[in-house]
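Working notes for the structure below.
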Amino acid sequence: MSTTAFIGALIKLVYDKVCENHHAQLTPAEQEQQSQPDTQRGLVVSSGILSGEPIVVVIIASVSLIAGLAA
């Protein structure tokens, strides 16, 4: 779990920096038009990575169990 937490945090950090650079290039009027901050999207992406790991582990374990029983 700590590896996926690190990867999720790293992706969020990179995403935040990219959004910060993009936000700096906008005009003040365009900056005001943005309704949802880009940082919330980065949080959703990193949370998806963190929550996706246990789901994949359960799927892999299920497939391994079924393959082991069939053999």
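The values are calculated or read from the model by the stated rules, or taken from the named source; none is laboratory data. Remember, it's a predicted structure, so these values are computed and weren't measured experimentally. Because the Cβ atoms are built from the backbone with ideal geometry, glycine has one as well, and the counts that use them run over all protein chains shown.
Could we say that LEU13 is in contact with a Lys or Arg (Cβ under 7 Å, 6 or more places away or on another chain) and either modelled with pLDDT under 80 or outside any loop (DSSP other than H, G, I, E, B) (or both) here? Give the derivation first.
Working: in contact with a Lys or Arg (Cβ under 7 Å, 6 or more places away or on another chain): no; either modelled with pLDDT under 80 or outside any loop (DSSP other than H, G, I, E, B) (or both): yes.
For LEU13, the condition - in contact with a Lys or Arg (Cβ under 7 Å, 6 or more places away or on another chain) and either modelled with pLDDT under 80 or outside any loop (DSSP other than H, G, I, E, B) (or both) - is not met.
Yes/no per residue for (1) of a type in the set (A, V, I, L, M); (2) at pLDDT below 80; (3) out of contact with any Ser or Thr (no Cβ under 6 Å at 6 or more places or on another chain):
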residue	(1), (2), (3)
THR4	no, yes, yes
LYS17	no, no, yes
HIS23	no, yes, yes
PRO37	no, yes, yes
VAL45	yes, yes, yes
LEU50	yes, yes, no
